[in-house]
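Asks: One structure coming up, written as structure tokens, with questions to follow.
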Amino acid sequence: MAANRWLEVAAGLLTVCFCSPETLAETARPNVLFIAVDDLRPELGAYGANTVTPNLDQLAATGMRFDRAYCQQAVCGASRLSIMTSLYPTYTGEQTFHVTNWRDRHPEVVTLNQHLRGHGYHTVGLGKIYHQRRGKEVDLANWDEWIDVWAPDYALAENRDILEKALAESKGHDSRNPPKGPTAESAEVPDDGYCDGIRAQRAAELLRDLANQPETPFFFAVGFVKPHLPFNAPAKYWRLYERDAFQMPPNAAIPPGYPAGAANLDAGEMKQYSDYEGTKPTDFSDALNRRLLHGYAAATSYVDACVGQVLDSLQAAGLADNTIVVLWGDHGWKLGDHSSWCKHTNFECDTRVPLIVRDPRTQSTGSTSQVVELIDLYPTLCELTGVPTPVHCQGRSFRQLLSDPTDAHRQDAYSSYPYGDESIGHSIRFGRYRYTEWWKKESQEVEARVLTDLQADPGEVTNVANDPEHADALDRGVERLRVRVRAALREKVRDPQPTTTRGG
């Protein structure tokens, strides 16, 4: 090819690559329906579970299912803020479940809703997107509309009485974690007998309204709370299952060397509920364990129906063909795994999440086993909507996986979780392994380390860090963990030496 022809091709490529965001937006202005589900692990039919989730399964069948998606910290507030800012919790320091007053500490950060709004999107938020449901904690100033929908947790009068009595008897309680009622409830009520059903109805109504404004693309974030505790759902969803069919998982142990305090063995989040038995989950009766397993499944089927109502409204309003749908869980959850419940650890079951993305402009459907992080959602949506990605984003777009699910993306997924006030656990998922180190925050001294071969041990109860057969994997884990922590902190990290044996 002649030299001047190469110049012509190069000029054309530059025109495509560097055309303005406004031009891209004018030629392709898809809407975005951004659906968050609280405490949802990949316990869905689409992921091979026995849970009844026909609506989420259908979404997965018409979009891309991500089989190796991971949160950056397994707790609500920290995870959600990292998603909406594309910044690691270890970088922002926002590593609690409530992240109260985060805007005061980060006044300059540009959130996802703020960024899309600044590029012509009409932004609407409803439900649990950030940790709180209203006020400044939801980044209130940076939405065109924020809808606060609330209803009592309990539909049954006797359970509301239990809650009111517990609150009355606990003067001076921690307002962030007050006493609560029972861990689960089954009531003969319609879907709107609980808050998520009301949220689904309101979201459906708003979609019909948004359809009447076709000249302006929208970013509509809808956050559902179930299957978060308490596992309250209409009785018809409980009747989808037989209580006796539920059994506790076989992975009751924690890996040797895993700090007991970092394993959340008391399921502290659950302790404030009125029917918590004993001092730790190993004290729970078989009846309570089965009721919790049954309740989580029922609450998951309930939220599936709520999501289905929103997706049906999207279709009925004529919006489905121009709306990107993103369904994500903010972190995983223990269902008796490691003899505990809830989240708050670096285990695989706490950090792995369901993620489904459907872009109607592509015909690609199926699943991908490429590793992605929830922090990648922000830059991915920037690419899909044709707006520039802010330079602050620490995530990376996985747009290419929507058309080629085998394409490369990440070598590993990084997450962290504080252990007490002075230590932090850093963890990566790579290949067939999960590797975690616990560091002293100030000295970066390694207190413990665990390497688990999840292919051989999917329940994650072993530590092969001292096994010579896995020496290469350990070296890889040590190397990559340092790379990931350095990148997350955007600063130099020392290479601490373990104070224990190689396996810790």
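Asks: Tell me the label-point distance for the pair residue 469, residue 104, using the 7 Å Cα-to-Cβ offset, in nm and rounded to one decimal.
Replies: It works out to 5.5 nm between the two label points.
Asks: Follow-up question, since we're still on this one. Can you give me the Cα centroid spacing of the range 441-470 and the range 154-169 in angstrom?
Replies: Value for the Cα centre distance between the two parts: 44 Å.
Asks: Grab the other residues whose beta carbon is less than 11 angstrom from that of residue 367, score K and R as +1, D and E as -1, and report the net. It would help to have the intermediate numbers written out before the result.
Replies: Values: positive: 65, 68; negative: 67.
Net charge in that neighbourhood comes out at +1.
Asks: Quick check: residue separation of residue 176 and residue 62 times 0.36 nm, minus the Cα distance between them. What number comes out in nm?
Replies: On the way: separation 114, 0.36 × 114 = 41.04 nm, distance 3.96 nm.
The residue 176-residue 62 span can extend by a further 37.1 nm.
Asks: Hey, another quick one. Starting from 0.36 nm per residue, how many nanometres of slack lie between residue 277 and residue 365 once their C-alpha separation is accounted for?
Replies: 27.2 nm
Asks: Restricting to bridges with both residues inside the chain, how much of the DSSP beta-bridge set is antiparallel, in percent to the nearest 5?
Replies: 55
Asks: Accessible area per residue, 1.4 Å probe, Å², for the chain: what's the number?
Replies: Computed with neighbouring chains in place, this is 40 Å² per residue.
Asks: Shifting gears a bit: Picking from 120, 143, 155, whose Cα lies most toward the positive end of the charge dipole for the range 114-161 (charges on Cβ: Lys, Arg +1; Asp, Glu -1)?
Replies: Projecting each Cα onto the dipole axis, the largest value belongs to 120.
Asks: What's the carbon and sulfur percent of the chain's accessible surface, probe 1.4 angstrom, rounded to a whole number?
Replies: Details: 10300 of 20400 Å².
Roughly 50 percent of what the probe reaches on the chain is carbon or sulfur.
Asks: Which trypsin sites (Lys or Arg not before Pro) does the range 431-495 hold that lie in a coil by DSSP with at most 14 other beta carbons within 10 Å?
Replies: 432, 441, 490, 492, 494
Asks: Please compute the net charge surrounding residue 230, taking Lys and Arg as +1 and Asp and Glu as -1 over other residues with Cβ under 13 Å from its Cβ.
Replies: -3
Asks: Using Cα pairs under 8 angstrom and six or more residues apart, how large is the relative contact order of the chain, in percent?
Replies: Relative contact order for the chain comes out at 23 percent.
Asks: What does a probe at residue 392 reach in the range 62-97, counting residues whose amide N is under 14 Å from the point 7 Å along Cα→Cβ?
Replies: 81-89, 91-94
Asks: Go through the range 330-425 and name the GluC sites (Glu not before Pro) that are in a DSSP coil and have 15 or fewer other Cβ atoms within 10 Å of their Cβ.
Replies: The qualifying sites are 422.
Asks: How much net charge surrounds residue 398 when only other residues with a Cβ under 10 Å from its Cβ are counted (Lys, Arg +1; Asp, Glu -1)?
Replies: For residues surrounding residue 398, the net value is -1.
Asks: Please give the charge dipole size of the range 92-161, origin at the Cα centre, charges +1 on K and R Cβ atoms and -1 on D and E Cβ atoms. Round to the nearest 20 debye.
Replies: 140
Asks: I need the chymotrypsin sites (Phe, Trp or Tyr not before Pro) found in the range 140-213, filtered to DSSP loop residues with at most 13 other beta carbons within 10 Å of theirs.
Replies: Passing sites in the range 140-213 are 150.
The values are calculated or read from the model by the stated rules, or taken from the named source; none is laboratory data. This one's a predicted model, so the numbers in the text were calculated from it and none came from an experiment. Counting neighbours? That spans all protein chains shown, and the Cβs are built from the backbone with ideal geometry, glycine included. The protein model used for the area step is the full one, side chains on, heavy atoms only, and it has no ligands, DNA or RNA in it. Shrake-Rupley method; radii C 1.70, N 1.55, O 1.52, S 1.80 Å.
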